[in-house]
Each structure stands twice: as C-alpha cells, then as structure tokens.
Amino acid sequence: MRISTKGRYSLEALLYMALLPKGVYASTRTIAENTGISEGYLEQLFIPLRKAGIVQGIRGPQGGYVPGKNPDRISVGDILRAVEGSLEPVECISVNVCPLRRRCGSRQTWVELYHEIAGCADSVSLRDLVHFYETMDQMEYTI
C-alpha cells in the first residue's frame, strides 16, 4: 500500500493547524505558504476532511480552517481514510464477492496486514504528531 500526496499533505496541513494557538484559523494561503503545498490542492483536500469533521472552516476575511475536533480525537487513520479511502491493502478483504475467498491461501495474510496498518494508523493521534514535532530538535541521533 502506498500513501499518496493526498494523505501526506493532509497530515502536514493538519499538523500545521494543530501547532497554531487554539482557536486561530489558518487560511489555505497561509497553510500553503508555510508548508509548500499548493493552495488549490489544499482546497481540494479540505472538502473530504470537512465532510469527515476533521477540519472546520469559516468564511470571511478572518476565516480559515482549524482542526474540527480536539487533536487527541483525530487519528492518522481518520485523516488517511477521509482522503485516501480504505486502508485495506487489497480489495478482497472487504468485498465478499471473491469466488476464491474460502480457499484463498493468501487472504489471511492480507487481513493481518490490514489490521496492522489500521492499528498503527489509528493509534497515532494528531496530538502525538504535535508532540513529536515539538520535541524533534531535542532528539539526538547516534550511529
């Protein structure tokens, strides 16, 4: 499974918004200027993110976007599902139309892989990303 720019850029935009003081709305222009993501692309990404309640927008001169919920309650999995769709590595996991379903030797592998992917994505919150970002400079790497 490969996460597209939709998923990566959505995470980046939400991280940017979550790093702002609570209640501060960020325009797509401001987010674009600070993240390097195209403003037009951000506007497209925010459509499914708004529908999912992950971002909240307000129009007008002081308008913009904020996370739609507390960052503790927004998981990476929520964000990815909103813009990417299912996290299933193969279609046959959820679709029960495969004629080989009962005899498929690899299906269990795909099911387990899906559970690992979903579990990992769902276990990381936007707040976790904020914390990681804020402590990045404090980390030391040794080889």
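The values are calculated or read from the model by the stated rules, or taken from the named source; none is laboratory data. Predicted model, so just to flag it, every value in this text is computed and none were measured. Glycine also receives a Cβ, built like all others from the backbone with ideal geometry; neighbour counts cover every protein chain displayed.
A few points about this structure:
- Subset of region 72-126 that is assigned to a loop (DSSP other than H, G, I, E, B), without any contact (Cβ under 8 Å) to a residue 12 or more places away in the chain and among the β-branched types (V, I, T) - its residue that is farthest from L14 (Cα to Cα): V97
- Among the residues of region 14-71, those identified as under 23 Å from D128 (Cβ atoms), assigned to a strand (DSSP E or B) and aliphatic (A, V, I, L, M) are A26, V55, V66.
- If you go through region 34-48 and pick out every residue that is surrounded by 12 or more Cβ atoms within 10 Å (Cβ to Cβ), more than 15 Å from L14 (Cβ to Cβ) and not polar (S, T, N, Q), you end up with 1.
- Residue pairs whose Cβ atoms lie under 8 Å apart, separated by 6 or more positions or on different chains, with the first residue in region 36-57 and small (G, A, S) and the second surrounded by fewer than 16 Cβ atoms within 10 Å (Cβ to Cβ), are G53/K69; G57/R50; G57/G63.
- Conditions (1) surrounded by 12 or more Cβ atoms within 10 Å (Cβ to Cβ); (2) within 12 Å of the chain's Cα centre (by Cα); (3) at pLDDT below 95: number failed by L113: (2)
- Answer from G63, G53, G68, G57 - the residue that is more than 17 Å from K6 (Cα to Cα) and either crowded, with 21+ Cβ neighbours inside 10 Å or out of contact with any strand residue (DSSP E or B) (no Cβ under 6 Å at 6 or more places or on another chain) (or both): G63
- Taken over region 127-143, the criterion of being modelled with pLDDT under 85 and either hydrophobic (A, V, I, L, M, F, W, C) or part of a helix (DSSP H, G or I) (or both) is satisfied by M136, D137, Q138, M139, I143.
- Per the listing S75, S86, S106, the residue uniquely hydroxyl-bearing (S, T, Y) and either under 17 Å from L20 (Cβ atoms) or surrounded by 15 or more Cβ atoms within 10 Å (Cβ to Cβ) (or both) is S75.
- In region 1-33, the residue that is surrounded by the fewest Cβ atoms within 10 Å (Cβ to Cβ) out of those that are more than 19 Å from K69 (Cα to Cα) and either of a type in the set (A, V, I, L, M, F, W, C) or out of contact with any helix residue (DSSP H, G or I) (no Cβ under 7 Å at 6 or more places or on another chain) (or both) is R2.
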